[in-house]
Protein chains: 2
Amino acid sequence: MSGGLIVREKEPLNLEMPFSSLDGFITPDESFYVRCHFPIPEISPENWSLKIEGEVDAPFELSYDELLGMESRTIAATLECAGNNRIFLEPKVKGVQWGLGAVGNASWTGVPLSALLDRAKIKAGAIEVILEGADEGEVDKSPKLTGKISFCRSLPLRKARADVLLAYQMNGEKLSANHGFPLRAIVPGWYAMASVKWLRRIIVTNKPFNGFYQSLDYSYWDRSGPLPTLAPLAEQQTKAEIARPENGETIPANSTYRIHGAAWSGTGDITRVEISLDSGANWREAKLLGEPVKNAWRLWEYEWQTPANPARHTIVARATDSRGVVQPVERSADRGTYMINHLLPVSVEIR
Amino acid sequence: MSGGLIVREKEPLNLEMPFSSLDGFITPDESFYVRCHFPIPEISPENWSLKIEGEVDAPFELSYDELLGMESRTIAATLECAGNNRIFLEPKVKGVQWGLGAVGNASWTGVPLSALLDRAKIKAGAIEVILEGADEGEVDKSPKLTGKISFCRSLPLRKARADVLLAYQMNGEKLSANHGFPLRAIVPGWYAMASVKWLRRIIVTNKPFNGFYQSLDYSYWDRSGPLPTLAPLAEQQTKAEIARPENGETIPANSTYRIHGAAWSGTGDITRVEISLDSGANWREAKLLGEPVKNAWRLWEYEWQTPANPARHTIVARATDSRGVVQPVERSADRGTYMINHLLPVSVEIR
């Protein structure tokens with residue numbers, strides 16, 4: 001544990017929230033999971049600037065102070081690591097062994113990416129926007145990309161213009177180094193590898209970008225077309241996670257127990273969370289808490305009148321979103337080691 | 001050896017021409033290298049058809065007889081496996097260990113792909129054409145593509161329309177099963193993985209295709225843009241290969257020896273081949289034979305008056321093409337295990 005977070009990796013730093021500690025819509029900075037690919041860059045705002053270049057008529061550079069002087073916006077957004085829940089995959093796969101807690105929800109304050117793109121005057125024919133972080137290091141997959149590379153991801157121009165925020169505040173405080181100081185992208189509804197931290201450059205392109213982190217990594221086999229094609233991970237898949245009970249928990253018989261958790265989806269609002277107390281044979285409606293907030297998770301609860309006699313129960317939660325997408329029972333192998341949203345049972349003992 | 005060819009792999013079948021046997025502009029079918037990814041499909045023309053579909057207004061299907069009834073064209077084209085010369089890489093890398101002979105030049109007769117595309121009436125917004133072969137099997141790289149896949153590659157629409165031939169004859173004879181019967185693509189100037197064999201389907205798309213054989217395989221890191229991007233292999237790199245002498249050959253002193261070979265380039269005509277007899281210190285002009293034929297190799301020779309005394313010599317050949325591209329001394333690591341065209345020395349003993 002490190003300040004309440006589970007250490008999954010020290011170098012680079014990968015910290016997980018113990019999901020059983022979920023207790024509110026907003027995840028505080030110190031409880032928010034941390035995902036790094038390389039050492040955290042030490043950036044002082046005086047020496048930092050953001051460049052906007054590529055297929056634009058008016059490339060420019062922006063200082064930290066100039067950025068803070070621009071009109072800002074605050075949004076809530078749930079970030080989930082694309083490898084969240086990986087520890088539950090069988091057989092075991094490579095990669096950081098995330099449990100339930102590589103996910104968090106925060107409010108983010110910053111400048112809409114569209115404002116910068118408008119100022120740069122995008123040329124006709126531009127199709128993507130590459131976000132480049134200042135974090136760098138070596139990678140090792142075949143074909144080998146030699147030397148140091150920076151973490152970067154591209155977005156379709158349409159998404160970049162729609163709702164992407166360049167955030168310098170998290171939950172009303174200056175962004176911490178762990179979370180991307182001085183500036184990070186927030187790409188609502190997408191897995192968090194798209195929300196590039198320690199932003200230093202924005203490049204508009206007229207060709208599809210096929211960088212390391214959207215081809216050899218953070219990709220899956222998309223079979224929606226005539227033949228399978230390697231596609232970058234994008235939208236968060238519809239999912240409910242149970243915070244309590246934890247797997248293996250003992251629960252008093254003949255009592256009222258609050259089963260609760262969070263649910264989210266990158267393809268719509270959460271419209272329903274159901275609970276099964278018998279391993280998926282029967283389902284009951286859970287209560288959605290609060291009001292829906294676009295691109296943020298929805299907390300939910302279910303009051304369980306526990307049985308009078310000792311027994312084992314396997315509890316499962318499943319979410320449905322406003323597009324009718326229901327969380328799947330089984331997992332598609334085409335997703336590699338990412339996009340893990342099949343149903344995860346929680347075993348408890350009534351005593 | 002198998003009918004004069006070196007067996008590099010039996011299943012799937014991968015056969016190489018002993019390059020020292022080069023003795024003419026045209027490589028006969030039985031001397032032509034064979035590259036397979038999966039078992040060779042057994043196809044009878046009666047049960048075969050070619051489908052043209054996707055982003056077209058008039059999809060259609062074509063029988064073998066209909067194809068033979070269309071206006072035909074005959075072109076010469078050099079095909080080179082993208083992994084040719086792999087055996088010379090140090091340290092050793094995975095993949096079929098091709099020597100000098102995964103290359104050949106033939107005349108190909110068939111129907112221009114553009115004729116079929118015109119007939120299918122391509123929709124506005126189409127950007128690529130996928131060629132799919134009937135050869136199928138399983139592959140194993142991460143992210144794992146489960147189940148059987150067919151061999152397929154896409155071409156930019158511009159290239160597909162420009163000069164791609166769908167060939168049913170090789171050197172005036174019906175295509176053999178080894179070379180793609182009943183129909184294969186010939187993509188002039190490109191590495192031969194693009195010249196899909198056993199063609200069964202042509203799919204026009206309005207999205208970039210990122211299939212297995214142009215992303216996890218047959219790709220390289222392209223650094224021509226602002227950030228490295230994984231790109232499909234395409235044009236053959238400028239190269240001269242020495243057929244004779246072979247490495248380790250003994251040559252009589254005080255005699256006339258004919259050093260000879262072939263040179264080719266996917267980016268222009270070969271304008272020059274030079275020979276060094278001293279490991280690259282000094283260069284002499286070789287004689288280009290015949291006339292240039294677009295997208296075909298150029299044979300060359302150099303008459304060497306060998307020294308009077310016993311000695312060791314390291315012979316190197318290097319090619320230059322009409323765009324001024326000179327064969328490189330060193331190899332770029334970004335090319336992975338493909339596009340091998342750095343200078344390859346041949347050691348001989350004068351005795």
Legend entry - Number of positions in region A:143-165 that are more than 9 Å from chain B (Cβ to nearest Cβ) and farther than 25 Å from residue A:110 by Cβ: 1
Inset, instruction - Of all residues in region B:54-99, count the ones that are surrounded by fewer than 15 Cβ atoms within 10 Å (Cβ to Cβ), in contact (Cβ under 8 Å) with a residue 12 or more places away in the chain and within 22 Å of residue B:213 (Cα to Cα). - result: 1
Legend entry - Condition met for residue B:247 (modelled with pLDDT of 95 or more and either assigned to a loop (DSSP other than H, G, I, E, B) or of a type in the set (A, V, I, L, M) (or both)): yes
Inset, instruction - For residues that are buried (at least 24 other Cβ atoms within 10 Å of the Cβ) and outside any strand (DSSP E or B), tally how many sit in region B:194-207. - result: 5
Legend entry - Criterion (at pLDDT below 95, in the same structural domain as residue B:122 (by TED's automatic domain parsing) and over 28 Å from residue B:325 (Cβ atoms)) met by exactly one of B:146, B:205: B:146
Inset, instruction - With the condition kept exactly as written, say whether any residue in region A:195-216 is under 30 Å from residue A:347 (Cβ atoms) and either of a type in the set (Lys, Arg) or within 14 Å of chain B (Cβ to nearest Cβ) (or both). - result: no
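Give me a count of the residues in region A:113-129 that are surrounded by fewer than 24 Cβ atoms within 10 Å (Cβ to Cβ) and touching a strand residue (DSSP E or B) at 6+ places or on another chain (Cβ under 6 Å). Break it down into steps so the answer makes sense when it comes.
We begin by selecting, within region A:113-129, every residue surrounded by fewer than 24 Cβ atoms within 10 Å (Cβ to Cβ); these are A:114-128.
From what is left, the residues that are touching a strand residue (DSSP E or B) at 6+ places or on another chain (Cβ under 6 Å) are A:116, A:120-122, A:126, A:128.
Count: 6.
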Legend entry - Number of positions in region B:135-182 that are within 24 Å of residue A:230 (Cβ to Cβ) and not polar (S, T, N, Q): 23
Inset, instruction - Tell me, please, whether a residue that is part of a strand (DSSP E or B), assigned by TED's automatic domain parsing to the domain that holds residue A:61 and under 20 Å from residue A:218 (Cα atoms) can be found in region A:162-185. - result: yes
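The values are calculated or read from the model by the stated rules, or taken from the named source; none is laboratory data. Since we're looking at a predicted model, the values are computed, not measured. Backbone-built Cβ (ideal geometry, glycine too); neighbour counts: all protein chains shown.
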